[in-house]
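*Asks:* Provided herewith is a single structure, encoded as structure tokens, for subsequent inquiry.
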Number of protein chains: 4
Amino acid sequence: MPAHRPGAAGDPAPARRSRRHDPGRRDRLIDATLRVIAERGVAGTTHREIARAADVPLGSMTYHFGSLDEVLAEAFTRHAEAAAKVFDERLGAATDRDSAIEAVITLVRDDLLGSPDDLVLAVELYVAAARNPALRAVTQGWMQRSRRALERHFDPTTAREVDALIEGLVLHSALSTDPMTPDQIRHAIERYLR
Amino acid sequence: MPAHRPGAAGDPAPARRSRRHDPGRRDRLIDATLRVIAERGVAGTTHREIARAADVPLGSMTYHFGSLDEVLAEAFTRHAEAAAKVFDERLGAATDRDSAIEAVITLVRDDLLGSPDDLVLAVELYVAAARNPALRAVTQGWMQRSRRALERHFDPTTAREVDALIEGLVLHSALSTDPMTPDQIRHAIERYLR
Amino acid sequence: MPAHRPGAAGDPAPARRSRRHDPGRRDRLIDATLRVIAERGVAGTTHREIARAADVPLGSMTYHFGSLDEVLAEAFTRHAEAAAKVFDERLGAATDRDSAIEAVITLVRDDLLGSPDDLVLAVELYVAAARNPALRAVTQGWMQRSRRALERHFDPTTAREVDALIEGLVLHSALSTDPMTPDQIRHAIERYLR
Amino acid sequence: MPAHRPGAAGDPAPARRSRRHDPGRRDRLIDATLRVIAERGVAGTTHREIARAADVPLGSMTYHFGSLDEVLAEAFTRHAEAAAKVFDERLGAATDRDSAIEAVITLVRDDLLGSPDDLVLAVELYVAAARNPALRAVTQGWMQRSRRALERHFDPTTAREVDALIEGLVLHSALSTDPMTPDQIRHAIERYLR
DNA sequence: GATGAATGAGTATTCATTCAT
DNA sequence: CATGAATGAATACTCATTCAT
């Protein structure tokens, strides 16, 4: 295409350099992927949709990623990492059992139920993982990491059980038209941990 | 076409006759749908796949169902009904709090975790419901019904909480490579209910 | 189906006789066909659509007609006949050249442009005829009959020319967002015939 | 790709190379669409048929056009433009009323009735426009443009009326087994314009 | 006689991926 | 290095027609 004409000669630093070098693009594509999954589900996450969300040409997708599965795996990994980090930080900041319990409550009420997108992402990851071994590794890493974080304050059995409880509370609240109130969440967790 | 009436005499039941008349086909299609969902997920559940599973021509699908969503809704409704029935029966047979607790344990360990397909179906329904209002009604009916069953033996708050716990235990076990042992399941539930 | 049980014995004149004998049905189907063509075009006229419009079971269509083309041909024939009859009557009632001119004006303004459905039917018939010889016979019969009617008052050349003019006026008015006013119609016809 | 300019040297122009690169394909698809409409009508104009006519894979259609309606609209627009151009040119070349009348006669006899395909295209467009607003815009533009061209030589009322007459003459001739002779066409138009 | 069920061919459209430029 | 174009397989859905009851 003529519009490309790379400078006949002595063409000094063209002002509008298009996007020949765009180092953050791969990154932006992964973020866009998470947005698309949240909005349309894994089943509705296509090369086209991601490219549109990130405002890059379609061809860019397969240039940066070998396959759609690869994109999904990277996106979910990034998401899980971010979620686990919050988990770690909340519990890391707790100094005793009581403040750890408060941390768990905050975690469920604010971090998990507070951002509907994260919630959707979690459930989407669960199903996708059921059929995609690469994603299963992601969920397992995530589970393990949250369990480790809980074990800083609770014995392993309690940690595991409360982890499951958290999962159930989140899922129920996510799908119910009549989700639990913050007080009900607190009650459920305290009953288990106090 | 000679002899459409098989069985005149020593005629060993032809395996696959022309199926022009096939009562119960609609029913079989719904069952086939559940099998396909369990095997390939909602995303992999297509008209073609269901028709193949039921050994029926493709055109038959859209004759019996107005849309794929309709098929999914009917299939999940049937599944939820069956699951809720087991729930009701287990808890209906319990006579006191102690036997109710045993019923819950059996429910989780045997009925839910015992049949991996049912487990997958549950999770698939969760995600599908996140984007399909018709399915949301199914999940909600199911949730409500199990809560009612639990309320025959426990107060409403406990019923709701334990229902969430069950959900979490099932989900965690479903997705973990290192699922909880039966004893761990019993421990988690007893801790909550005793 | 058990509901059919045709009377065990001496079952005297069942009150709700369903529709076993329905002599007008074929007729109603043809009328329904014309309604469907007007509403959805020949391309959108299917067995199903006609059956729905006439509120009869789908199977009834192929019971009464050998093919969809047959239905279309009968429907268009009936329509053309009715239209030609109006044409004949209007011009038959005219006693001299002047009243014949008035008849033509009324024909275009009231009969043709007055009922949008008839107009659509005419154009639909034109295109359908372009590819269906059976329908071509219908259009030709119609054309001839209107020409004969015009020839009762005008010489053959004029009859033919004014027939074409009528066609053009109708078509233009039908497709324009800015259709001719009644006065413009009158003007165009009088210019030609006076 | 070697030698797109045939005739470099005894290179017998390979009949059908891989068409991975094929500029102008979109254009050829539009032309093919017009051919298909002329041959099989709008109702018979499918993605497949167009792709076959243009010798292009099916997937190519929906790559280049968002929907079949879009293809139809583009095709009819192109056709209307070409037809209007001829109209403009014929009338533009006329210097007085007499030569303008001759131009109209030539237009109908040669340009419109002379190419049966164009005639079919016109009628097809009419019906399609009845149900497709995008196409209605095309017909209206076309109508307006021809009226403007006529108004260069005739007063607005006459222009409008003769435009309708032309339409009717064309339509009648198109559908009749006994179409008007060139002399009859001339007679009809002269009667109106002289 | 009348009809619900059945079916195969066809429809528009989507999409992961490949490839020439 | 980056991308627009290309493509074949798949998807949901429609429908004329056939047929067993």
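The values are calculated or read from the model by the stated rules, or taken from the named source; none is laboratory data. None of the values given here were measured: they were computed from a predicted structure. Cβ: placed from backbone, ideal geometry, glycine included. Neighbour counts: every protein chain shown. Surface accessibility is based on the protein's heavy atoms, side chains included, excluding ligands, DNA and RNA. Shrake-Rupley method; radii C 1.70, N 1.55, O 1.52, S 1.80 Å.
*Asks:* Considering only residues that are closer than 18 Å to B:Ala94 by Cβ and at the interface with chain A (Cβ under 9 Å from one of its Cβ atoms), which ones fall in the stretch B:117-160?
*Replies:* Within the stretch B:117-160, B:Thr158 is the sole residue that qualifies.
*Asks:* Quick check on the stretch A:148-165. Is at least one of its residues open to solvent by less than 30 Å² (accessible area, probe 1.4 Å), under 28 Å from A:Val36 (Cα atoms) and under 17 Å from the mean Cα position of the chain (by Cα)?
*Replies:* no
*Asks:* If you don't mind, another one. I'm checking my understanding of the structure. Among residues of the stretch A:45-63 that are polar (S, T, N, Q) and within 19 Å of the chain's Cα centre (by Cα), which one is nearest to DNA strand E (Cβ to nearest atom)?
*Replies:* That would be A:Thr46.
*Asks:* Any idea which of (1) among the acidic types (Asp, Glu); (2) farther than 23 Å from D:His187 by Cβ; (3) open to solvent by 50 Å² or more (accessible area, probe 1.4 Å) is the one D:Glu124 doesn't satisfy?
*Replies:* With (1) among the acidic types (Asp, Glu); (2) farther than 23 Å from D:His187 by Cβ; (3) open to solvent by 50 Å² or more (accessible area, probe 1.4 Å) applied to D:Glu124, the lone miss is (3).
*Asks:* Which of the residues that make up the stretch A:123-182 are more than 15 Å from A:Ala73 (Cβ to Cβ) and of a type in the set (D, E, K, R)?
*Replies:* Listed by number, the residues that qualify are A:Arg145, A:Arg147, A:Arg148, A:Glu151, A:Arg152, A:Asp155, A:Arg160, A:Glu161, A:Asp163, A:Glu167, A:Asp178.
*Asks:* Then there is this: Got at least one residue in the stretch A:94-110 being open to solvent by less than 40 Å² (accessible area, probe 1.4 Å) and either within 16 Å of DNA strand E (Cβ to nearest atom) or part of a loop (DSSP other than H, G, I, E, B) (or both)?
*Replies:* The answer is yes, given that some residue of the stretch A:94-110 is open to solvent by less than 40 Å² (accessible area, probe 1.4 Å) and either within 16 Å of DNA strand E (Cβ to nearest atom) or part of a loop (DSSP other than H, G, I, E, B) (or both).
*Asks:* Could I ask something else about it? Among the residues of the stretch A:107-129, write down those that are more than 16 Å from A:Gly168 (Cα to Cα) and touching a helix residue (DSSP H, G or I) at 6+ places or on another chain (Cβ under 6 Å).
*Replies:* A:Asp117, A:Ala128, A:Ala129
*Asks:* Then there's this: Looking only at the stretch B:73-80, decide whether some residue is within 11 Å of DNA strand E (Cβ to nearest atom) and of a type outside the set (Asp, Glu).
*Replies:* No.
*Asks:* Go through the stretch A:168-183 residue by residue and tally those that are open to solvent by 30 Å² or more (accessible area, probe 1.4 Å) and facing chain B (nearest Cβ under 7 Å).
*Replies:* 1
*Asks:* If you scan the stretch C:33-44, which residues turn out to be within 14 Å of DNA strand E (Cβ to nearest atom) and surrounded by 17 or more Cβ atoms within 10 Å (Cβ to Cβ)?
*Replies:* Scanning the stretch C:33-44 gives a single hit, C:Ala43.
*Asks:* Can A:Ala188 be described as open to solvent by less than 60 Å² (accessible area, probe 1.4 Å), within 15 Å of B:Leu171 (Cα to Cα) and within 11 Å of chain B (Cβ to nearest Cβ)?
*Replies:* In short, no.
*Asks:* Kindly provide the set of residues from the stretch D:35-65 that are touching a residue at least 24 places away in the same chain (Cβ under 8 Å), in a helix (DSSP H, G or I) and within 14 Å of chain C (Cβ to nearest Cβ), ordered by number.
*Replies:* Passing the criteria: D:Ile37, D:Ala38, D:Val42.
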